Amino acid sequence: METAKVCVSRIVECLQEIIVENHMKSCAIYTNDLRESMKKMEAEMQKKTAFEEGWRVSRYNLFAPIPGTKNVAIANLFKGTCGAYSPLDVFLLGELETLDSEHPILSRFRERGLVVNFDEREALYAMGRMGCAAGGVGLTICPTMGCNFDCPYCFENHKAGKMTAEVQDDVIALAERMLDAAQKKILNVTWFGGEPLLAADVIEALSGRLMALCEEKCAEYTAKIITNGYFLTQEIADMLARCKVESAQITLDGIGEAHDRTRHLAGGGATFGLITDNLRQVKIDFPVSIRHNVHAENTGEVDTLKAFVDELAAESGNKIAYYPAAVSGNDASDDRGCDVGLLCTSDASEIGIRCDAKRFEPGHVLLRRSLCLHVLHNDRQAQHALNHHGMCRCSCLCFRLASCDTRQ
């Protein structure tokens, strides 16, 4: 009997030990599970969104629907990428403030420049300073955005007014800063517009100050002008020569009526006769390139106009040369309802080949790339040369300096 009691007592003790041990194991498992849950909760609480990690949607993204699909093409102008994205991709790009910083789509956005964690404008300015340090300085200055012509294919929407004295001061100050940063002390100026000779006084005043600045900085100064040639009198040609203008570009679209159909005065009126009289009678101390804007209606003028230009050069004694360039479409001319037909691809290619072939002619100098600055008198008009972030339509880096004064 006593033995049985001892056995029962021992069994009870064993059961109690088992119960306690199992309980402790359960508690340990629960504790571990609780600890893991807490760790996961802490990790979740420590997770940041892409926005909190400093990522922002690039200011240089362009969106366009892809016809026939639900996808969207996104081009990043800063990095030079372009790709197709699904509606979900576009949605996630727009939800950057809540998107997990470890979301796999983010790496794709980063690689293609759609999201950035730096100031793109500051990066452009830094690149500009590096460009100045590496080479010379190029300034394209528009003393006015007004024009006396009304060419249907023109990419600009003209507006009266010319550069103010205050903006001229800013141009000089900016040129000085850029020359100080430049390794090669060279300042190349292109006078553009509008029609720049509508503001010949601004060209003369600014040229004098820019030349004086270059002399002070021991820098080389060169200039050229793009003009329609209507105001190229002997007095103006002499002034441009004094201002160290080394070349000019004037456009003729054909001979006589073929030119006047597209390059006529604002409000109507022929221009061919006066322009060619200027080229024939004025003594011009610098080379003049005659650009032929070729479109569907004047392709037959290419050989005829080239022969005419050669005769004009021989007759006048001026250095005048011909080159063709195909007219391309643009938003400004489309808004005006431009009725000038564009060339087909093959014809445009032929014109391009003829133009490029001139680069291989004896004595032709290839232009060097330099930092490009477009200075325009009118902030609204600046949109036709630059976007509001200062990017140049010729794909090189620019800054913008603009001021509006339409009282002059």
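The values are calculated or read from the model by the stated rules, or taken from the named source; none is laboratory data. Just so it is clear, the structure is predicted and the values come from calculations on it, not from any experiment. Here the Cβ is made from the backbone with ideal geometry for all residues, glycine too, and neighbour counts use every protein chain on show. Quick note on the areas: whole protein, heavy atoms, side chains included, nothing else; ligands and nucleic acids left out. Shrake-Rupley method; radii C 1.70, N 1.55, O 1.52, S 1.80 Å.
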Can you spot a residue in region 31-48 that is exposed (fewer than 15 other Cβ atoms within 10 Å of the Cβ), at pLDDT 75 or above and under 29 Å from the mean Cα position of the chain (by Cα)? no
Members of region 214-228 that are β-branched (Val, Ile, Thr) and under 22 Å from the mean Cα position of the chain (by Cα): Ile225, Ile226
Filtering region 228-256 for residues that are touching a residue at least 60 places away in the same chain (Cβ under 8 Å) and open to solvent by less than 10 Å² (accessible area, probe 1.4 Å) leaves a count of 1
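Among the residues of region 98-108, what is the count of those that are open to solvent by 50 Å² or more (accessible area, probe 1.4 Å) and not in a loop (DSSP other than H, G, I, E, B)?
From region 98-108, those open to solvent by 50 Å² or more (accessible area, probe 1.4 Å) are 98, 100, 102-104, 108; that's our starting set.
Still in the list and also not in a loop (DSSP other than H, G, I, E, B): 100, 104, 108.
So the count comes out to 3.
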Filter region 271-291 for residues that are open to solvent by 10 Å² or more (accessible area, probe 1.4 Å) and of a type in the set (S, T, N, Q); the one that is farthest from Thr251 (Cα to Cα) is Gln281
Enumeration of residues in region 154-170 that are surrounded by fewer than 22 Cβ atoms within 10 Å (Cβ to Cβ), in contact with a helix residue (DSSP H, G or I) (Cβ under 7 Å, 6 or more places away or on another chain) and modelled with pLDDT of 85 or more: Cys154, Gln168
Options Glu95, Glu120, Glu111: the member that is over 13 Å from Glu53 (Cα atoms) and open to solvent by less than 50 Å² (accessible area, probe 1.4 Å): Glu120
Total residues in region 280-307, condition modelled with pLDDT of 95 or more, under 17 Å from Gly256 (Cβ atoms) and assigned to a strand (DSSP E or B): 1
Residue in region 287-297 that is under 19 Å from Leu198 (Cα atoms) and hydroxyl-bearing (Ser, Thr, Tyr) present: no
The conditions are (1) touching a Phe, Trp or Tyr at 6+ places or on another chain (Cβ under 7 Å); (2) in a helix (DSSP H, G or I), and Gly113 fails exactly one of them. Which is it? (2)
Return a yes/no flag: does region 74-82 have any residue that is outside any strand (DSSP E or B), open to solvent by 40 Å² or more (accessible area, probe 1.4 Å) and of a type in the set (Lys, Arg). yes
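State all residues of region 62-89 that are under 21 Å from Ala126 (Cβ atoms) and in contact (Cβ under 8 Å) with a residue 40 or more places away in the chain; if no residue qualifies, say none. Please lay out each step first, then the result.
First, the residues of region 62-89 that are under 21 Å from Ala126 (Cβ atoms): 76-81.
Passing the criteria: Leu77, Phe78.
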